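Presented below is the structure to which this report refers.
Derivation of every value follows stated rules applied to the coordinates shown; laboratory data play no part. Quick caveat, the model's predicted, so the values are computed rather than measured. Quick reminder, even Gly has a Cβ in these numbers, built from the backbone with ideal geometry, and neighbours come from all protein chains shown.
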Amino acid sequence: MNGTNVFDILKERGFIQQTTHEEQIRELLGKESVTFYIGFDPTADSMTAGHFLTIIAMAHMQRAGHKPIALLGGGTALIGDPTGKTDMRKMLTQEIINHNAECFKKQFEILIDFDNHKAIMENNANWLLELNYVNFIRDIGVHFSVNRMLTAECFKSRLEKGLSFLEFNYMLMQGYDFLELYKRYGCRLELGGDDQWSNILAGTDLIRRVEGVEAYGMTFTLLTTSEGKKMGKTEAGAVWLDPTKTTPYDFYQYWRNVADADVEKCLALLTFLPMDEVRRLGSLPGEKINEAKKVLAFEITKIVHGEEEALKSQQATEALFGGGGDSEAIPTTEITKEQAAFGINIIDMLVLTALAPSKAEARRLITQGGVVVNDQKVTALDLVISDKDFADSKLIIKKGKKTYHRVRIAE
């Protein structure tokens with residue numbers, strides 16, 4: 001192993017939250033190539049900004065010579081992790097989970113090199129779905145203390161509302177995953193978000209009890225704002241890595257508009273910029289912090305969507321906010337000449353452009369003064385937009401302070 005110990009890199013950049021054995025983990029990562037794993041339950045057909053932090057950490061580890069296992073929870077996703085949930089997760093079919101897992105795989109490949117077994121993609125359905133329940137409870141369940149499990153945060157918060165036995169099994173299954181990966185691949189380190197601490201401890205404890213060897217766990221900081229709120233959420237929902245669910249332009253805009261206090265943290269955790277540069281950008285005074293936000297948005301968009309999309313998003317933003325640049329990348333909806341001639345009510349237009357998810361929400365936006373068409377605030381709910389409102393066959397609708405959408409009449 002050469003160069004800086006990856007433990008120090010992760011620590012300096014603010015990833016590391018908790019460790020089972022800090023000194024031993026650091027020593028292990030400094031002297032040999034370590035096989036480690038991170039689990040991902042494919043409960044949607046794309047990963048989110050929160051997952052992205054974990055993939056970046058995985059990339060730092062791989063670049064330092066360690067071997068990642070990306071474990072897709074084809075088995076555990078059938079049950080659902082109670083962590084951070086107030087209610088039971090809806091049940092997914094095996095077909096949906098398999099489709100989601102394929103989507104995840106493509107997104108991992110943005111940063112993780114799977115060629116020549118440099119990384120492993122595994123699915124816990126390969127062992128969990130074939131388990132004999134009685135054997136599992138005898139061989140694995142015997143090592144778990146219910147008293148200790150009930151002190152775990154993921155269960156404590158659910159006890160008042162009701163925790164099903166189905167979900168109570170989740171910790172056993174995640175612990176078993178670690179044991180199985182140790183047996184199959186010699187995996188001795190599990191990484192994950194800090195909300196996974198209890199589940200990770202269950203796995204290290206199980207390996208020690210069953211195999212008599214030391215296994216290790218380490219958690220990462222969760223992607224939160226300086227106020228402690230989860231990042232990666234917008235009015236429209238999650239910030240997805242899939243460009244069909246969150247466009248590269250909207251993805252860029254999200255990072256361009258983070259709070260001043262969160263810029264340095266995001267640069268450290270979500271880009272590969274050297275820490276000297278991260279600190280320089282993070283300490284820019286007053287209005288100059290916007291330059292750091294531009295760098296942040298460009299760098300993250302470049303990693304996830306490629307340099308071309310990052311440039312297009314940057315230029316579209318300059319066109320709207322800076323008076324220069326290229327407006328072609330602004331999210332656009334086309335309407336026909338007939339629609340323009342006939343006219344479209346502003347409420348229908350907001351729904352058509354997906355600026356509002358429903359007519360009720362469109363009305364609320366207008367009533368609160370949150371809609372501007374071609375620099376004119378909309379006050380009338382019965383406003384009709386027709387071809388006379390289009391300059392060069394184009395019109396710009398602005399929602400709130402930062403969301404822009406172009407409507408174009410098709411040629």
_Within 11 Å, Cβ to Cβ, of PHE104, how many net charges do the neighbouring residues add up to if Lys/Arg are +1 and Asp/Glu are -1?_
-3
_Interchain or long-range residues, amide H under 5 Å from ILE69's placed H_ = PHE36, TYR37, ILE38, ILE120
*By a straight-distance test (C-alpha under 26 Å), which lysines pair with LYS359 as possible cross-link partners, with residues fewer than eight away in the same chain excluded?*
LYS233, LYS245, LYS337, LYS377, LYS388, LYS394, LYS398, LYS399, LYS401, LYS402
*Which net charge results when you count Lys and Arg as +1 and Asp and Glu as -1 among the other residues whose beta-carbon is under 13 Å from that of ILE9?*
+2
*Calculate one ³J(HN,Hα) per residue across region 250-262 by plugging θ = phi - 60° into the Karplus curve 6.51 cos²θ - 1.76 cosθ + 1.60, and present them in order as whole Hz with x for glycine and proline.*
5, 4, 4, 4, 4, 6, 5, 10, 5, 5, 3, 5, 9
*asked:* Ratio of alpha-carbon Rg to the 2.2 N^0.38 Å globular estimate for the chain, to two decimals, please.
replied: 1.12
*What nm value, rounded to one decimal, do you get for the distance between ALA380 and LYS229 when each label is placed 7 Å out toward the C-beta?*
3.5
_Calculated Rg and Dmax of region 282-396 using C-alpha coordinates, Å_ = 17.3, 53
*Give me the orientation-averaged projected area of the Cα convex hull of region 123-168, in nm², one decimal.*
4.1
_Point-charge dipole on Cβ atoms (K/R +1, D/E -1) for region 332-409, about Cα centre, debye to 20_ = 380
*Based only on Cα atoms, what Rg/Rh ratio does region 233-323 have, Rh being taken as Kirkwood's radius?*
0.95
*lysines within cross-link reach of LYS161: Cα-Cα under 20 Å, excluding same-chain residues under 8 positions apart?*
LYS85, LYS90
*asked:* Can you give the local net charge around LEU131? Use residues other than it whose beta-carbon is closer than 12 angstrom to its beta-carbon, Lys and Arg +1, Asp and Glu -1.
replied: -3
*In nm, give the distance between the simple-model label positions of LYS288 and LYS337, each being 7 Å from the Cα along the Cα-to-Cβ direction.*
5.4
*Springs between alpha-carbon atoms under 10 Å, Gaussian network over the chain: tell me which of GLY30, GLY175, GLY400 tops the mean-square fluctuations.*
GLY400
*asked:* Neighbour counts of other C-beta atoms within 10 Å: give me LEU150, LEU241, LEU78 arranged from fewest to most.
replied: LEU150, LEU78, LEU241
